[in-house]
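The values are calculated or read from the model by the stated rules, or taken from the named source; none is laboratory data. Just so it is clear, the model here is predicted, and its values are computed rather than measured. Positions of Cβ are backbone-derived with ideal geometry, glycine not excepted, and every protein chain shown enters the neighbour counts. The accessibility values were calculated without ligands, DNA or RNA, using every heavy atom of the protein model including side chains. Shrake-Rupley method; radii C 1.70, N 1.55, O 1.52, S 1.80 Å.
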Amino acid sequence: MALYKYSHYLTSSTDPRFDPTHQPAAVVAHSGIYKCQGCGREAACKTGDALPPESDHQHTLAQGAALWRLIVAAT
Ligand SMILES: [Zn+2]
């Protein structure tokens, strides 16, 4: 779970860029913190870089595929 200390630095948003999941190694369209929907691992990634590749970490069968979702966007 991403942590923060000062809530006044974050604002809730309904922006649709938080909705899709992204494949491992996909090019990042929006800088921020991404969370793997299978295991909860988090990664900070910036626009134009690649999300962590499939080889970044292992999943159990129960965790399914590694799919990344933007959870905190940098503005
Ligand atoms: Zn994962």
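For the chain, a Kirkwood radius taken over Cα pairs fed into Stokes-Einstein (10 °C, viscosity 1.306 mPa s) yields D = 123 µm²/s. Based on the Cβ-Cβ distance of residue 17 and residue 62, what FRET efficiency does E = 1/(1 + (r/R0)^6) give at R0 = 22 Å, to the nearest 0.05? E between residue 17 and residue 62, to the nearest 0.05, is 0.15. Surface composition of the chain: carbon plus sulfur atoms contribute 55% of the solvent-accessible area (1.4 Å probe, protein chains only, all chains present). Label-to-label distance, residue 4 versus residue 27, with points set 7 angstrom from Cα along the beta-carbon direction: 2.9 nm.
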